[in-house]
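The values are calculated or read from the model by the stated rules, or taken from the named source; none is laboratory data. In this text, all values refer to a predicted model and were calculated from it rather than measured experimentally. A quick note on method: Cβ atoms are made from the backbone with ideal geometry, for glycine too, and the neighbour counts reach across all protein chains shown.
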Amino acid sequence: MRRIIFNQKGGVGKSSITANLAAVSAKSGKKTLLIDLDIQGNSSHYLGFDINEKIENSVADLFDQSGSWFSVSTPIKQFPHQSAFENLYIIPSSTRLAALEPELERRYKIYKLREALDELEEEFDSIYIDTPPNLNFYSKAGLIAADKLLIPFDCDSFSHRALMTLMDNLAELRHDHNPKLMLEGVVVNMFNAQAKFPSKIIENVRELGLPLLEPYLTHSIKMKESHFHQLPLIHYAPQHKLTKQFEMLFDALETIPEKTS
């Protein structure tokens, strides 16, 4: 299973959702891999990796392998790093990603990640892909490599408009590169049940015909605390309401039938 979490709008909690779902997956006993394609490296930092320090076999190194007859490439299975948490591995981000992007586009390495995951899929039960908040080379490579898609959404009017643009872009990418990519649903994040406006925006999304996943993830300071301590919620505050929501969301995802949408 290769699940990508993507939205072209920033600030929707993409990395928090990716890392926490991956942590719940690992805690449930699944050997889980997180791939961090975002140059900000938030998921990497969350799991204890500082991308400002030199990290061998980062995601930049994975993309940058030439595959030349005259060079020796690092085996793909050497790229996942064991995190501090049982069953949870990561291919961390890198500060090299921005500078490397034009060269990768020129060399048309857009399928490199999919080829790598074809090998790694044998080693892992679940693979989660975190992405940059724009439709660039790396997010496209992730969408081409994945088979399931989650869209995080934070209940404001800008998110609603961005969501419509995103769906148009995803339709084109599916048609051209990955017709098997399945939209599992929209993850409502930082939800405030006491306010009327979020519920109105959610209803507008529902009218678009997009699957809205439950439970909605509520806003909590515990998330920021868990970032600071570099402990996903399942480890930092296992009994907290938001942690339980992540567990319920994970369980709900496990029941979605395998089919394209």
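Every listed requirement among (1) out of contact with any Asp or Glu (no Cβ under 7 Å at 6 or more places or on another chain); (2) farther than 13 Å from ILE127 by Cβ; (3) surrounded by 18 or more Cβ atoms within 10 Å (Cβ to Cβ) is met by SER25 save one, (2).
Rundown of residues vs (1) at pLDDT 95 or above; (2) within 22 Å of HIS240 (Cα to Cα); (3) touching a strand residue (DSSP E or B) at 6+ places or on another chain (Cβ under 6 Å); (4) surrounded by fewer than 18 Cβ atoms within 10 Å (Cβ to Cβ), yes/no style:
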| position | (1), (2), (3), (4) |
| --- | --- |
| PHE137 | yes, no, no, no |
| LEU170 | no, no, no, no |
| GLY209 | no, no, no, yes |
| MET223 | yes, yes, no, no |
| SER226 | yes, yes, no, no |
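State whether the residues of region 151-163 include one that is touching a residue at least 60 places away in the same chain (Cβ under 8 Å), among the hydroxyl-bearing types (Ser, Thr, Tyr), in contact with a Lys or Arg (Cβ under 7 Å, 6 or more places away or on another chain) and farther than 21 Å from HIS45 by Cβ. Yes, that holds for at least one residue. In contact with an Asp or Glu (Cβ under 9 Å, 6 or more places away or on another chain) and either surrounded by fewer than 19 Cβ atoms within 10 Å (Cβ to Cβ) or of a type in the set (Asp, Glu) (or both), is that true of LYS9? Spelling it out, it is not the case that LYS9 is in contact with an Asp or Glu (Cβ under 9 Å, 6 or more places away or on another chain) and either surrounded by fewer than 19 Cβ atoms within 10 Å (Cβ to Cβ) or of a type in the set (Asp, Glu) (or both). When LEU163, LEU150 are screened for being at pLDDT 90 or above and either on the phi < 0 side of the Ramachandran plot or crowded, with 18+ Cβ neighbours inside 10 Å (or both), only LEU150 passes.
Among the residues of region 97-112 satisfying the criterion of being of a type in the set (Lys, Arg) and assigned to a helix (DSSP H, G or I), which is farthest from LEU34 (Cα to Cα)?
ARG106
Taking the options GLU53, GLU122, name whichever one is closer than 20 Å to ALA146 by Cβ and either among the basic types (Lys, Arg) or modelled with pLDDT under 95 (or both).
On the way: GLU53 fails: closer than 20 Å to ALA146 by Cβ.
Exactly one of GLU53, GLU122 is closer than 20 Å to ALA146 by Cβ and either among the basic types (Lys, Arg) or modelled with pLDDT under 95 (or both), namely GLU122.
Of the helices (runs of 4 or more DSSP H) that lie entirely inside region 134-215, those containing 1 or more residues that are acidic (Asp, Glu) span 157-176, 196-207.
Residues in region 113-133 that are of a type in the set (Gly, Ala, Ser) and in a helix (DSSP H, G or I): ALA116 only. A Cβ distance below 9 Å, combined with a sequence gap of six or more or placement on separate chains, defines the contacts here; from region 218-240, residues that are on the phi > 0 side of the Ramachandran plot reach residues that are hydrophobic (A, V, I, L, M, F, W, C) and loosely packed, with under 15 Cβ neighbours inside 10 Å in the pairs GLN230/ALA84. The residues of region 10-26 that are over 18 Å from LEU163 (Cβ atoms) and of a type in the set (A, V, I, L, M), listed by number, are ALA19, LEU21, ALA22, ALA23, VAL24, ALA26. Taken over region 28-41, the criterion of being surrounded by 20 or more Cβ atoms within 10 Å (Cβ to Cβ) and farther than 10 Å from PRO132 by Cα is satisfied by THR32, LEU33, LEU34, ILE35.
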